[in-house]
Amino acid sequence: MQISQATEDDWAAVSTIRLRALREDPDAFGSTLEREERFKEKHWRMRMRTVPTWLAFDEAGEPRGIISMLLEPGSPTDDRHVVGLWVAPESRRQGLAWALLDAIRQAAIADGARTVSLWLVDGNHAAGDLYVRAGFTRTGERMATPRDADVIEERYVLELPRPA
């Protein structure tokens, strides 16, 4: 597997894996398949210009995982926020999620961040276990998801090493 940061020209691969993630695990995301299926090439390219995204590719060059990082509105400027981590079921338990999280961690450190955070929907125990093993801590901060007030998510934070 190869992990690489997506460029604007990778828009089709990003679209393919993102739509597959929304199709196969819709409850894990804040967006919906119906919404993102309407995106045109122009939108995907704009997303690649504004939201750093990494893809995991298999040996045949097919995208098997995705993760993005952004400055979340209202968060401290030294925090980077993880969104959209997903690995295809046939590629799980092979270290892809770890590698994608490591790409985010390295990028956040290079960007001067002190923390990486994310919101995780209640009941997603596999992802919660992964994040805790990767060094994230549960904050106890909870809120309803924007698309469904009955679905609650919790904030997790990873403290990054400080520069020497």
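Quick notes on this structure:
- Unit charges at the beta carbon, dipole of the range 41-164: most positive-side option, Leu71, Leu96, Ser117: Leu71
- Cα gyration tensor shape for the range 69-123, rounded if a/c is under 1.5, else prolate or oblate: oblate
- Heavy-atom accessible area order for Ile109, Ile104, largest first, 1.4 Å probe: Ile109, Ile104
- Gyration tensor verdict on the range 2-59 (Cα atoms; rounded if a/c is under 1.5, prolate if a/b is larger than b/c, oblate otherwise): oblate
- Cα gyration tensor, the range 1-147 - rounded (a/c under 1.5), prolate or oblate: rounded
- Top of Asp79, Asp148, Asp122 by mean-square fluctuation, Gaussian network on the chain, Cα under 10 Å: Asp148
- Report summary: the helix-based calculation at 222 nm, which adds -39500 (n - 2.57) for every DSSP H run with n ≥ 4 and divides by the residues of the chain, gives -9500 deg cm²/dmol.
- Fully extending the segment from Ala126 to Asp150 would add 6.6 nm, taking 0.36 nm per residue of separation and subtracting the current Cα-Cα distance.
- For the range 92-152 versus the range 2-37, the gap between their alpha-carbon centres in whole angstrom: 17
- Exposure rank, largest accessible area first [Leu120, Leu70; 1.4 Å]: Leu70, Leu120
- Evaluated at q = 0.16 Å⁻¹: base-10 log I(q)/I(0), Debye formula over Cα of the range 60-163: -0.73
- Measuring nothing but protein heavy atoms, the accessible surface of the range 1-94 at 1.4 Å probe radius is 49 percent carbon and sulfur.
- Here the simple spin-label model places points 7 Å from the Cα toward Cβ, and for Ile3 and Met46 these points are separated by 3.0 nm.
The values are calculated or read from the model by the stated rules, or taken from the named source; none is laboratory data. It should be emphasised that the depicted structure is a prediction, and the values quoted were computed from it without experimental measurement. Virtual Cβ from ideal backbone geometry, glycine too; neighbours counted across all protein chains shown. We work out accessible area using only protein heavy atoms, side chains counted, and drop any ligands, DNA or RNA first. Shrake-Rupley method; radii C 1.70, N 1.55, O 1.52, S 1.80 Å.
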